[in-house]
Each structure stands twice: as structure tokens, then as C-alpha cells.
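Presented below is the structure to which this report refers.
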Amino acid sequence: MPSGSPSIEDLLALICERGDPALLASGRFGLEKESLRVAQSGGIALSPHPAELGAALTHPHITTDYSEALLEFVTPPFQEFSEALDCLQNLHLYVQENLQDELLWATSMPCVLAGEDSIPVGRYGSSNRGLMKYIYRLGLGYRYGRVMQVIAGVHFNYSIAGDFWPMFQGLLGNQDDPRDFRDARYMGMVRNLQRYGWIIPYLFGASPAVCRSFFTGKEPDLLVFDDTTYYEPYATSLRMGDIGYQNRREEGMGIKACYDSLGDYVQSLASATKTPCPVWQEIGVKVNGEYRQLNANRLQIENEYYSSVRPKQPPVDMETPSRALMEKGIQYVELRSLDVNAYQPLGVDSQQLRFLHTFMLYCLLRPSPVISSVERKEIDRNLLWVAHQGRDPLLKLQRGGKAVLFRHWAGELLHAMQPLAQRLATEKRDPGYLESLHQQRQKIADADLTPSGRMLKEMRENGESFYPFARRLSLEQWRYFSSLELDEFFREHMRELGLRSLQQQRELEANHEESLDSFLQRYFSRQI
């Protein structure tokens, strides 16, 4: 096939006629799900990370995100997403067995917060690695506030089968270095996930309301649902809107990564980790001998840059994320825009993952030109508008400088995904792919079927504020997991991993010969 940008229909036909369509359907899937530990009242747990769960610093599957109370479940990558869901369920069961009079909060948005100082920052021990993680989180708190950091989400990690790439490159007649070809196509996927990513908060957003306690000392630009709850009537995902954690401070503080190529992406983030920021300098780095942040640059480290999607290559040892990407390329793509679905015990279900698999593969195959400065503004506005107004039947988005009705564009997008969903259903012998796409079409036709629509409707019908609604579903999920039996082999495996992680942390702390200052200097000297 000649070079250029063949349509997705042409690519599907080419793969089916001259390639191996089974490789198109093959891949690896992983999940990361955050859940806030809360007291029975619903307030954030003040207890330390349970020792029975192992060391958050070194455990491969159970760690913490920003707060000591914000658990993060991490599955390995699996060949089937059903295996990832099974693993996530077992992790939930194991954690619930080891919680003392605490619940896992069922929603993305926290509740019953008592101000910034009431949120405990994650602790990772006295090793240099552990202290670096702790100081980084302190810096996030100083920069953006701690309350923003206890919002929970779900991340979907996806990579297509390794054997797909040489087949695909050969079919296209591409003569580039194989790794360069793969990285370029993955970056194309990342750009398209941003272009069309506004559909995710509409279909799966589950944070249309928020507890009044989330806002400390300020009145938000939201409507009053009742005495304890703010909301927006057409909101889908306030988590992904203005009240969520975003790098939106552009006056010398925020950045916008460049997604033209992997090299451009890495360089834009690496530059931000080296560029001083006057506002962050006012915070101070080391004050009275104690660190407040890792540095006063625009980003302390690359991970501080918030985005709805990231190209990933897990760093090892002292690697920075940028160096890992530049030296080894993209291993997988992480979709980060998913709210925790309060109606699903795991926060996500198989029908949602079928759609996400189809959507991400669609974004990989669809032509993906670089994002212009004008389109970048459209992308940011579209995501914000859908987060705050997505269920408004008259909502219009920006596409190529023109206003287009959200429902029409969303319908076009789902229609264009139909041939790919059919191919996945055939190759995986799973009609659920087509059923999932049908479910999403129904949500476009009837916004009350979306999780956000269901939540507000149920709160109104029951006369519930956000807090009793979220607590009720949290208790329902606790009872659900209590009704299940954990496999004894998995339980023993987790006990072994927990003990091993604790031992690994002790060993890191015992080898604590290098000063923290020297450790940090050595780490940042490895930057691109």
C-alpha cells in the first residue's frame, strides 16, 4: 500500500485480506484502581496503611497514591481483560479481609473532609526512595492543595500484541526502524485519544455532584443541590472538569506537553522538570532543614503532569520516566480519564472494557495528524464542556473551527467503530463487543442511562445528598465482597507478597548510606 493515511476501513480490509486479523484482536490489558479508605462515618481514614497489606513502597499490586488512605490496586497485564477484572476482584477481597472497621469509598469524589490538614500524606519509610515519594507528595499538596489529591479514578492500560507490529508495518510498506514505527503509531493513538476522549466522561463519567466539604474556604462555581451537595445539572465528570486535578495554571506554572512524536513528548516534559517556576520557588524547597518539594521547577518529576492519556514505559532502578521512554520506547498506553463507577463493585465492568478496547484500537488505526495550537484549544475545551455539560441535549463541541452538536459527533464516532467491534467480536468469539457498542449508543440517545444521569436521578428520587448516596453504595459494595470467598491460593500468595515487600523495604532502609541530598542529585542527573 502506498504511504499516506489510509482510512480505518482500508486498514481493516488489508489486515483481513493479507495479514492476520487475530493479531489485531490480541493484546495485553491491565487495570489500576484507586479507592479511598474511610471510617464507617465516611470520613477519610487517619490510620496508617495496614501492615497486613505489605509495604506500599515495594508491593507490586497494593500501594497508595497521594494519601496514606488512598489505596491503589494494580493488576499485572493480562491477555484477556476478564483476567484483569478477576485479579482486581481478588485484590479487593484480600484488602477487605484486612481492613479494621473501615470501608472503601464507592465514588471518585471524596466526602466528609475536614480541611487540608486532615488528609494524611502517603508514607513510604525512611529509605531515600521512600522519602523521595513522600516529598513529591508534600510538593503536590503545597502546589495544588491536598484535597485535590484524594480524588479516585481508574486507569486502563493497553498494548497491542508484539507480533502485530511487523505484520502491520509490512502491510503498509513502511521502511522505518521497527521501534520508531511502533512509537509513532502509539503516539498517533495518544493524539486520537485526546481528540475523541471527550466521549469517555459522557459514557462513563460518575461524578456529577460533590460534597460541600470538598471546598475549603471558597464557594465553587457550581449549583446547590442541597445543604451539603454541589452539582451541575448536566455534568458527567466533575473530576475531569475545573474542580479536578489539572495542570491549568499557565502563568509561568503549567505546561502543555507536545505530542507530535515521542521525542517531542519526552523533551517537553523533561524541559518542564528543569525549568524553574517563580511561584513554586516562593514555596521553598528546603525550609528549616526539611523538604517541602523535590524542587521548584514547573514539574517536580514527569508524573506531575496531569493528562487524560500517557504513553508508558515503566522505569527501573534510577531511571526517570523520560529516559525509560527514550531508551526503550513505548510499552503501553494508559487511559486515565475513567471515573470510579459507583454502580460497579470494581468501579468498572467487562462491558466498559470491551468498549475501551475497541475505542483504543480505533484510535490506533485511525489517521492521526499532529495537533495544531488551534486544535489543542478545541481538545481542552471539548473535554471541559463534556465534563460539566455533557448531558445537555443542545451541547455543541468544536471540530475544525466549527460548532457541531455533541450527539451527532458522538453518533458518528460510534458508527465508525462498528466494523472494528464486529471484527473483535469475530476474532475473540465474543458478541459482547457489539452489545457494548449498542449500550453506548443507547446512552447517546438517552442521557439518563449514563452513570452520571443515574446518580442524580437516584439522589433526587431518594431525597439523598451526595454523602448518604455514596455511603449507601459503599456499604452495598462492602456487603457484596463479604458474600464472596477468596481463593486460598491467592490469599497465601498475597501474604507472601506482603511479607516480601516489607522485607524489601527494610533492606532499602538498612542500606541507607547515601544522603538524601546526594540521592536526589544523582536521580535528577539521569534526566534527558
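The values are calculated or read from the model by the stated rules, or taken from the named source; none is laboratory data. Quantities reported herein were computed from a predicted structural model and do not represent experimental measurements. Here Cβ is always computed from backbone atoms with ideal geometry, including for glycine, and neighbour counts include all displayed protein chains. SASA here: full protein model, heavy atoms, side chains in, ligands and nucleic acids out. Shrake-Rupley method; radii C 1.70, N 1.55, O 1.52, S 1.80 Å.
Details
- Selected residue (only one of 167, 189, 148 is within 22 Å of residue 22 (Cβ to Cβ) and within 24 Å of the chain's Cα centre (by Cα)): 189
- Scope the stretch 480-528; condition modelled with pLDDT of 95 or more, of a type in the set (A, V, I, L, M) and not in a helix (DSSP H, G or I); matching residues: 484, 486
- Residue 180 touching a helix residue (DSSP H, G or I) at 6+ places or on another chain (Cβ under 7 Å), open to solvent by 30 Å² or more (accessible area, probe 1.4 Å) and of a type in the set (Asp, Glu): no
- Test: residue in the stretch 274-289 that is among the hydroxyl-bearing types (Ser, Thr, Tyr) and closer than 19 Å to residue 149 by Cβ: no
- Where residue 441 falls short, out of the listed (1) over 30 Å from residue 109 (Cα atoms); (2) assigned to a helix (DSSP H, G or I): (1)
- Residue that is crowded, with 17+ Cβ neighbours inside 10 Å, among the small types (Gly, Ala, Ser) and in contact with a Lys or Arg (Cβ under 8 Å, 6 or more places away or on another chain), where the choices are 205, 197: 205
- Restricting 342, 387 to those that are aliphatic (A, V, I, L, M), within 20 Å of the chain's Cα centre (by Cα) and part of a helix (DSSP H, G or I) reduces the list to 387.
- Test result for residue 393, out of contact with any Cys (no Cβ under 8 Å at 6 or more places or on another chain) and either open to solvent by 60 Å² or more (accessible area, probe 1.4 Å) or over 22 Å from residue 205 (Cβ atoms) (or both): no
- Residues that are touching a Leu at 6+ places or on another chain (Cβ under 7 Å) and small (Gly, Ala, Ser) were ranked within the stretch 330-363; the one that is most open to solvent (accessible area, probe 1.4 Å) is 350.
- Test for residue 459: is it within 20 Å of residue 152 (Cβ to Cβ), under 27 Å from the mean Cα position of the chain (by Cα) and at pLDDT 95 or above: yes
- Unmet requirement for residue 71, which otherwise passes all of (1) open to solvent by 10 Å² or more (accessible area, probe 1.4 Å); (2) without any contact (Cβ under 8 Å) to a residue 40 or more places away in the chain: (1)
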